[in-house]
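Just below is one structure, and these are the notes that go with it.
The values are calculated or read from the model by the stated rules, or taken from the named source; none is laboratory data. Fair warning: this is a prediction, and the values are worked out from it, not measured in the lab. Cβ placement follows ideal geometry from the backbone for every residue including glycine, while neighbour counts extend to all protein chains displayed. We work out accessible area using only protein heavy atoms, side chains counted, and drop any ligands, DNA or RNA first. Shrake-Rupley method; radii C 1.70, N 1.55, O 1.52, S 1.80 Å.
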Amino acid sequence: MNEDSFSFVIYMLHACADRWHTTPAKVYQAVKDSGCIDQYLIPYYDILHTQSTDYVVHDIDEYLKNRGMSV
């Protein structure tokens, strides 16, 4: 993971936490356990970082739901 993708992941964790009214730590645990960071956010960083925050937060929410997880 390079510095840009790391910054993006941190930003998205905080954006999700704000949207879902929870802590970044809880969001991190869910996305880590679901594989969202290693299997979605980092591999598709080049595309995702060009999308709106709302779009990516929605995608992360869908990713978690498809794996039977929630925050």
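Here is a yes/no grid of residues against (1) open to solvent by 90 Å² or more (accessible area, probe 1.4 Å); (2) touching a His at 6+ places or on another chain (Cβ under 7 Å); (3) more than 22 Å from Ser70 (Cα to Cα); (4) free of Cβ contacts under 8 Å to residues at least 12 places away in the same chain:
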{"position": "Ser5", "(1), (2), (3), (4)": "no, no, yes, no"}
{"position": "Leu13", "(1), (2), (3), (4)": "no, no, no, no"}
{"position": "Arg19", "(1), (2), (3), (4)": "yes, no, no, no"}
{"position": "Val27", "(1), (2), (3), (4)": "no, no, no, no"}
{"position": "Cys36", "(1), (2), (3), (4)": "no, no, no, no"}
{"position": "Tyr40", "(1), (2), (3), (4)": "no, no, no, no"}
{"position": "Ser52", "(1), (2), (3), (4)": "no, no, no, yes"}
{"position": "Tyr55", "(1), (2), (3), (4)": "yes, no, no, yes"}
>> So if I check each of Gln39, Gln51, which one is assigned to a loop (DSSP other than H, G, I, E, B) and either closer than 16 Å to Ser5 by Cβ or among the aliphatic types (A, V, I, L, M) (or both)?
In response: Gln51
> Say we look at the range 54-71 and pick out the residues that are hydrophobic (A, V, I, L, M, F, W, C) and assigned to a helix (DSSP H, G or I); which of these is nearest to Gly35 (Cα to Cα)?
Replying inline: Leu64
